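Participant: A single structure is presented below for examination.
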Amino acid sequence: MKKLKMHTPDGTKDNIARIAELFPNCVTETKDDKGTVTRAIDFDQLRQELSDHLVDGPGERYHLDWPGKREALLTAR
């Protein structure tokens, strides 16, 4: 007789991998509670990728940024 696994699988890593295939610019790295580096989604960047107009975000962060970068990304798309 086959034993059943009595837990719900965590689909978060699979979902992040799927989004990374479609939108690689939206994947970033964060540290979890244990200090391990894990992949995460930059939702502000994903929102911008899915929009046809400029999306207001919380502001620029530590990235390779310059004034007008968002407008340049929108123009390039």
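Readers should treat all values here as calculations from the given coordinates under stated rules, not as data from a laboratory. Model, not experiment: these values are computed from the prediction. FYI the Cβ positions are ideal-geometry reconstructions off the backbone, even for glycines, and counts take in every protein chain you see.
Participant: Using 0.36 nm per residue, how much length does the chain from ARG18 to THR75 gain when fully extended, once their Cα-Cα distance is taken away? Walk me through the numbers before you get to the answer.
Facilitator: Values: separation 57, 0.36 × 57 = 20.52 nm, distance 2.58 nm.
Result: 17.9 nm gained on full extension.
Participant: Same structure again: Would you please put 18-31, 36-49 in order of how densely packed they are, using the mean number of other Cβ atoms within 10 angstrom per residue and starting with the highest? It would help to have the intermediate numbers written out before the result.
Facilitator: Numbers: 18-31: 12.6, 36-49: 14.7.
Final packing ranking: 36-49, 18-31.
Participant: Sticking with this structure for a sec: Obtain the nm distance between the two label points defined at GLU29 and THR8 by a simple spin-label model: each point lies 7 Å from its Cα along the Cα-to-C-beta direction.
Facilitator: The modelled label-to-label distance comes out at 3.0 nm.
Participant: Also: For the stretch 2-46, what are Rg and Dmax over the alpha carbons, in angstrom?
Facilitator: When restricted to the Cα atoms of the stretch 2-46, Rg and Dmax are 13.7, 45 Å.
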